[in-house]
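To start, the structure itself, in structure tokens.
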Amino acid sequence: MKKMWAGRTLGASAELADDFNSSIHIDSKMYRHDIKGSMVHADMLARTGIISEADADAIIAGLEGILNDIDSGALAISPDAEDIHMFIEATLTERVGEVGKKLHTARSRNDQVAVDVRLYMRDEVAKIKELIIELLDAIYEVAEAHKDDIMPGYTHLQRAQPVTFGHHLLAYAEMLKRDFGRLCDAVARMNYSPLGAAALAGTTYPIDRALTASGLGFTAPTANSLDSVSDRDFCVELISAFALIMTHLSRFSEEIILWSSWEFSFVELDDAYTTGSSIMPQKKNSDMAELVRGKTGRVYGDLIGTLTMLKGLPLAYNKDMQEDKESLFDAAETVARCLEIFAPMVRTMKVKSENMYRAAQRGFINATDLADYLTKRGIPFRTAYKTVGELVAYCIAHGTVLDELPLEVYKSYSPIFDGDLYGEISLKTCVEKRISEGGTGPDSVESQLAALANFIKEQRAK
Ligand code: ARG
């Protein structure tokens, strides 16, 4: 195929090379953003007197038509085009004639693509932020409903101390709120306009970069033309924020998978978010959660791929950078799909509070509270710790639990023990007495819930 850049060469590259070189399969996703960038550029060219008003009007009207036709399906993006920038420019010239060739004045595909990816990702991140809010809302709903339900809290996957299920879920809300913040930070740093950097060195035309920057909703133009066309830090920042979201979803998935097992039976996922086995009739598998956990590896790969693609590149633009979109878009799409399925999966899961409570009754998770009982009555913590350890060993040897051990046995270990100890080590007391800020006590959980509700409300109002 004869190339738009034919000149220095005949533009007659091998078909195999054309195919290899093309990025249309991925960058066609950015057609709206490419057209928007071109419209603002054409308008600026007219305002600065670089092209005439009439030419700009013809170009902008032509671009408008292309946008509408791609949107409606009347115009198909050719899979044979080299990239979306070339396709739109070529179509424009086909439609409006010679004047279409003026669009690329004072611009290069190098600054054009840097603009497009930023504009595209700004929109993608906005969608992902909404999906995070949706998931936070689902977490809120389940946490609120189960704010008093006691479960074992774990360390080393061993029962440790009682917590409420609401408190446990709210830990994930904290992670997702930080994720949300990271996306906002990354977008704020990304939101500078490279347009006008041209190929690498700037341009001899009297362009107005502030005008195009504000026309495209950027904070300001970027400062250095070489950096403008070679910077892909924002891709790395975004993918790393996506990777961390996946880490959180993956940990959450792992817990949901465990909780859904017969061994735990803490939750049962709604049928809508599970699958059966083709051979084992009894199975109800947490495939959605497992897939989220699995796809996490893929997003990590996108991050490492992008970092590695960039590490040896000399300034400024190199074709290697065309690969940025493969990883970035894949990571964004993967994270969006995972968030999308996660919210209804969490919202509809059945919480088996009785099983959680029963598990909390086993495993001596009130042992710390028993030690605290002695400590509050003057015994040094280390001594109390040892006494309680011995009592736990006694219970294990006698097949009983701390709550059921007779007072005489307690007294034989320490004269400090008295009948009030049973109230002090009840699961309810253990939870209710964890009154420190951020702890599992009811006031703390209430204020975490209120803060989350507020966060969701504020973000939705924006
Ligand atoms: N398709 C290219 C990319 O995605 C656009 C920029 C091409 N620039 C160039 N000098 N060949 O990076």
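For A171 and A397, compute 0.36 nm times the residue count separating them, minus their Cα-Cα distance, and round to one decimal in nm. Please list the in-between numbers first.
Details: separation 226, 0.36 × 226 = 81.36 nm, distance 3.59 nm.
Stretched fully, the A171-A397 segment lengthens by 77.8 nm.
If I model a spin label as a point 7 Å beyond the Cα along the Cα-Cβ vector, how far apart are those points for Y413 and R189 in nm?
5.2
Pulled fully out, how much extra length does the chain show between A126 and D420, if you take 0.36 nm times their separation in residues and subtract their Cα-Cα distance? Could the numbers behind the result be given before it?
Numbers: separation 294, 0.36 × 294 = 105.84 nm, distance 5.54 nm.
So the extension gain works out to 100.3 nm.
For the chain, build the charge dipole from Cβ charges (+1 Lys, Arg; -1 Asp, Glu) around the Cα centre, then report which of I139, L407, C430 sits farthest towards its positive end.
Checked the options; the winner is L407.
Which one of T212, P344, A160 has its Cα pushed farthest toward the positive end of the charge dipole of the chain, where Lys and Arg give +1 and Asp and Glu give -1 at the Cβ?
The listed residue farthest towards the positive side: A160.
Taking the number of other C-beta atoms within 10 Å as the exposure measure, put K284, K350 in order starting with the fewest. Could the numbers behind the result be given before it?
On the way: K284 13, K350 10.
Arranged by neighbour count, lowest to highest, K284, K350 become K350, K284.
Give me P(r) over the chain, computed from all C-alpha to C-alpha distances, binned every 20 Å, as integer percentages.
Final binned percentages: 20, 39, 25, 13, 3, 0.
If you split all Cα-Cα distances of region 96-145 into 10 Å bins from zero, what percentages do you get per bin, shortest first?
Taking all Cα pairs of region 96-145, the binned fractions are 20, 24, 21, 15, 11, 7, 1 percent.
Sketch the reach of a paramagnetic label on K284 as a point 7 Å from Cα along Cα-to-Cβ, and name the residues of region 356-391 whose backbone nitrogen lies under 20 Å away.
Flagged as within label range: 356-359.
Just the number, please: Stokes-Einstein D of region 51-189 in µm²/s, Kirkwood Rh from C-alpha pairs, 37 °C, 0.692 mPa s. Don't jump to the answer; show the numbers that get you there.
On the way: Rh = 19.7 Å.
Diffusion coefficient, whole number: 167 µm²/s.
Between I304 and S261, what is the label-point separation in nm under the 7 Å Cα-to-beta-carbon projection?
2.7
Quick check on the exposure proxy: order S22, S277, S230, S193 from fewest to most C-beta atoms within 10 angstrom. Please list the in-between numbers first.
Working: S22 17, S277 10, S230 22, S193 28.
By the 10 Å Cβ count, ascending: S277, S22, S230, S193.
What is the ratio of the Cα radius of gyration of region 168-267 to 2.2 N^0.38 Å, where N is its residue count, to two decimals?
Values: Rg = 21.0 Å, N = 100, 2.2 N^0.38 = 12.7 Å.
Expressed relative to 2.2 N^0.38 Å, the Cα Rg reads 1.66.
Sort H85, H168, H104 so the one with the fewest other Cβ atoms within 10 Å of its own Cβ comes first. Mind dumping the intermediate values first?
Values: H85 25, H168 21, H104 17.
In order of increasing Cβ crowding within 10 Å: H104, H168, H85.
So if I place +1 on the C-beta of Lys and Arg and -1 on the C-beta of Asp and Glu, and nothing else carries charge, what would the dipole magnitude of the chain be about its Cα centre? I want it in debye, nearest 20. If you can, show how the numbers build up before the last one.
Values: 50 positive and 68 negative charges, 167 e Å.
Computed about the Cα centre, the dipole is about 800 debye.
Quick one: dipole size for region 398-462, taken about the Cα centre, charges +1 on Lys/Arg Cβ and -1 on Asp/Glu Cβ, in debye to the nearest 20. Write down the numbers at each step before the final one.
Numbers: 7 positive and 11 negative charges, 108 e Å.
Dipole of region 398-462, to the nearest 20 debye: 520 debye.
Just round it to a whole percent: the fraction of Cα-Cα distances in region 1-95 exceeding 16 Å.
Values: 2636 of 4465 pairs.
Value for region 1-95 (Cα pairs over 16 Å): 59 percent.
Could you size up the charge dipole of region 344-429 around its Cα centre, putting +1 on the beta carbon of Lys and Arg and -1 on that of Asp and Glu, and report it in debye to the nearest 20? Working shown, then result.
Numbers: 11 positive and 10 negative charges, 98 e Å.
Once rounded to the nearest 20, the dipole reads 480 debye.
In region 234-352, if the dipole is taken from +1 on Lys/Arg beta carbons and -1 on Asp/Glu beta carbons about the Cα centre, which of C235, Q282, S250 is farthest to the positive end?
Final value for the positive-end residue is Q282.
Using only Cα atoms and rounding to the nearest 10 degrees, what angle (0 to 90) does helix 381-398 make with the longest principal axis of the chain?
70
Could you grab the relative contact order for the chain? Cα pairs under 8 Å, six or more apart, rounded to a whole percent.
On the way: 626 pairs, mean separation 74.3, N = 462.
Reported relative contact order: 16 percent.
Separation between the Y154 and N454 pseudo-spin-labels, each 7 Å from Cα along Cα→Cβ, expressed in nm?
3.3
Please tell me the relative contact order of region 414-462 in percent, rounded to the nearest whole number, where contacts are Cα pairs under 8 Å and at least six residues apart. List each step's numbers first, then the result.
Details: 21 pairs, mean separation 7.8, N = 49.
Once normalised by length, the contact order is 16 percent.
Helix 31-47 versus the longest principal axis of the chain: what angle, 0 to 90°, nearest 10, using Cα atoms?
In the chain, helix 31-47 runs at an angle near 50 degrees to the longest axis.
Which values, in whole Å and largest first, are the semi-axes of the equivalent ellipsoid of region 179-238 obtained as the square root of 5 times each eigenvalue of the Cα gyration tensor? Write out the running numbers ahead of the final one.
Details: eigenvalues 111, 38, 7 Å².
Value: 24, 14, 6 Å, ordered largest first.
Values in this text are rule-based calculations from the coordinates and carry no lab data. On a predicted model such as this, the values are computed, not experimentally measured, just so you know. Every residue, glycine as well, gets a Cβ built from its backbone with ideal geometry; the counts of neighbours run over all protein chains shown.
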